[in-house]
Amino acid sequence: MKTAISVPQEIFELSEKLAKKLKISRSAVFALGVKRLSEDEAIDEDEIVARINAVCATTDTSLDPAVKRLQARTLQRDEW
């Protein structure tokens, strides 16, 4: 996929140096950088579940009664 990005001059120069040193294209340098950043910033699934559970513990997560009635009617119709 082609795209155009704007980067500060010093980042552009750094990408040129890295591309030459690693013998890869500038595009590959940026792709590797994005991939590495996504790996570094990845949140553990258990941590995500813990965060969701913490919010649910302090928030009413029950269905609105009107939604519950509509859902019950829809389920009954689907069973026909």
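What the table below lists for this structure:
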item: Counted residues, region 14-72 - those being under 23 Å from residue 2 (Cα atoms) and polar (S, T, N, Q); result: 4
item: Residue among 52, 5, 24, 48 that alone is in contact (Cβ under 8 Å) with a residue 12 or more places away in the chain and not basic (Lys, Arg); result: 5
item: Output for region 17-36, where each listed residue is assigned to a loop (DSSP other than H, G, I, E, B) and surrounded by 11 or more Cβ atoms within 10 Å (Cβ to Cβ); result: 24, 25
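Coordinate-derived values only; no laboratory data. All figures in this text were calculated on a predicted structure; none of them were measured in a lab. Counting neighbours? That spans all protein chains shown, and the Cβs are built from the backbone with ideal geometry, glycine included.
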